[in-house]
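Trainee: A single structure is presented below for examination.
We did not get these values from a lab; they are worked out from the coordinates using the rules stated. These numbers were taken from a predicted model, which means no experiment stands behind them. Reconstructed Cβ throughout: ideal geometry from the backbone, glycine too, with neighbour counts over all protein chains shown.
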Amino acid sequence: MASGTVTSSEYISHHLTNLTFGNHPVEGWKLAESAGEAAAMGFWAINVDTMLWSVGLGVFFLWFFGKVAKAATAGVPGNTQNFIETIIEFVDDNVRSIFHYKNPVIAPLSLTIFVWVFLMNLMDLVPVDWLPYIAGQMGIHFMKVVPTTDVNATGGMALSVFALIVYYSIKQKGVSGFMKELSFQPLPKIFMPFNLFLEIVGLLAKPVSLALRLFGNMYAGEMIFILIALLPFWIQWLLAVPWAIFHILIITLQAFIFMVLTIVYLAMAHDDH
């Protein structure tokens, strides 16, 4: 709940500002104490909360799945093992149905993307004031706990996928084959400059679509939770609970879409046109 001494716009701005560390042009290296200071730190500033939560959730994913794998039994599995095996089979079925080449990287990558993005999205269900309030009591000015509401996080993941797309395109077809693919389709060879323009735009659109789709959906969902938190307490529960239940579908769907598009784009990189 917003404090009575804080305006609605200040409350919204506070909850949408990352904990940023960078080189302030006047005060040097420090944690930003306002959105203005964060902006003044420029491109090379680090959103500490995004890094903290994204890396922490990634480590939790690796630890938890590793622990379940070590304890797995060939006999009657427990509920946790059943749950993990269901997720793995779900991802594996999607990979098999979309990716028709031999590549030992694709399935583990897809599982990592799906679970990691889901966990980051899941933080959106934590009440918007809880963790920022705890951070505030510790003297930390800002704390955004949903990494996927930061375009830097979604952009970083999308660029990693883009690097794999280019890598496998060149590995499968060679540099000359990759350049021919960009230059000599979809129109006849005499239209090479136009083909090159279209194909490069299409290639660059892949990471952009991955990053902005996930960011846009999660940012909008977080904004709705923040707006609900500004309402009287009794109205909050009437709206927050149904929205949270619906949002479970959104956070799962966005993780699924990011995973599926990654598989599709990597399958396209293996295709020989």
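Trainee: Can you give the angle from 0 to 90° between the axis of helix 106-122 and the longest principal axis of the chain, with both taken from C-alpha atoms, to the nearest 10?
Mentor: Roughly 20 degrees, rounded to the nearest 10.
Trainee: Could you grab the relative contact order for the chain? Cα pairs under 8 Å, six or more apart, rounded to a whole percent. Provide the component values of the computation, followed by the final result.
Mentor: Values: 273 pairs, mean separation 68.4, N = 273.
Across the chain, relative contact order equals 25 percent.
Trainee: Assuming 0.36 nm per residue, please report the length gained on full extension of the stretch Tyr167 to Ala220 beyond their Cα-Cα distance.
Mentor: Gain on extension, Tyr167 to Ala220, equals 15.8 nm.
Trainee: Then there's this: Starting from the Cα of Lys171, draw a straight line to each of the lysines and keep only those under 24 Å, dropping any in the same chain fewer than 8 residues away.
Mentor: Hits, sequence-local ones excluded: Lys102, Lys180, Lys189, Lys206.
Trainee: All other residues with a Cβ under 12 Å from the Cβ of Val260 taken together, and with Lys, Arg as +1 and Asp, Glu as -1, what is their net charge?
Mentor: Computed value for this residue: 0.
Trainee: Please report the equivalent ellipsoid semi-axes of the stretch 46-94, computed as sqrt(5 x eigenvalue) of the Cα gyration tensor, largest first, in whole Å. Please list the in-between numbers first.
Mentor: Values: eigenvalues 157, 36, 10 Å².
Computed over the stretch 46-94, the values are 28, 13, 7 Å.
Trainee: Oh, and also: What is the ratio of the Cα radius of gyration of the chain to 2.2 N^0.38 Å, where N is its residue count, to two decimals? Before the final figure, lay out each step's value.
Mentor: Working: Rg = 22.0 Å, N = 273, 2.2 N^0.38 = 18.5 Å.
For the chain, the normalised Cα radius of gyration comes out at 1.19.
Trainee: First select every other residue whose beta carbon is under 15 angstrom from the beta carbon of Thr50; then total the charges, Lys and Arg +1, Asp and Glu -1. Numbers along the way, then the final one.
Mentor: Values: positive: Lys144; negative: Asp49, Asp124, Asp150, Glu222.
Its environment carries a net charge of -3.
Trainee: Follow-up. Among Leu182, Leu31, Leu125, determine the one that fluctuates most according to a GNM of the chain built with springs between C-alpha atoms less than 10 Å apart.
Mentor: Leu182
Trainee: Also: Between rounded, prolate and oblate, where does the stretch 104-242 land on the alpha carbon gyration tensor, with a ≥ b ≥ c its root eigenvalues, rounded for a/c under 1.5, else prolate if a/b exceeds b/c?
Mentor: Numbers: a/c = 3.41, a/b = 2.56, b/c = 1.33.
Prolate, because a/c is 1.5 or more and a/b exceeds b/c.
Trainee: Which residues in the stretch 219-233 have a backbone N closer than 11 Å to a point placed 7 Å from the Cα of Val6 along the Cα-to-Cβ line?
Mentor: Backbone N within reach: 230.
Trainee: Taking the 0 to 90 degree range and rounding to the nearest ten, how far is the long axis of helix 48-71 tilted relative to the main principal axis of the chain, both from C-alpha atoms?
Mentor: Compared with the principal axis, the helix lies near 70 degrees.
Trainee: Taking only DSSP H segments of four or more residues, each worth -39500 (n - 2.57), what value at 222 nm results for the chain once the sum is divided by all its residues, to the nearest 500 deg cm²/dmol? Display every interim value, and only then the final one.
Mentor: On the way: 9 runs with 192 residues, N = 273.
Helix-only estimate at 222 nm: -24500 deg cm²/dmol.
Trainee: Taking the chain as the reference, fit the longest principal axis to its C-alpha atoms, fit the long axis of helix 151-183 to the helix C-alpha atoms, and give the angle between the two in degrees, 0 to 90, nearest 10.
Mentor: Once rounded, the angle reads 10 degrees.
Trainee: Work out, step by step, the length gained on full extension between Val264 and Glu33: first 0.36 nm times the residue separation, then minus their alpha carbon distance; give nm to one decimal. Walk me through the numbers before you get to the answer.
Mentor: Numbers: separation 231, 0.36 × 231 = 83.16 nm, distance 4.22 nm.
Taking Val264 through Glu33 to full extension adds about 78.9 nm, to one decimal.
Trainee: Then there's this: Work out the length of the dipole vector of the chain about its Cα centre, built from +1 on the beta-carbon of each Lys and Arg and -1 on the beta-carbon of each Asp and Glu, and round it to the nearest 20 debye. Before the final figure, lay out the partial values.
Mentor: Details: 12 positive and 17 negative charges, 151 e Å.
The calculation lands at about 720 debye.
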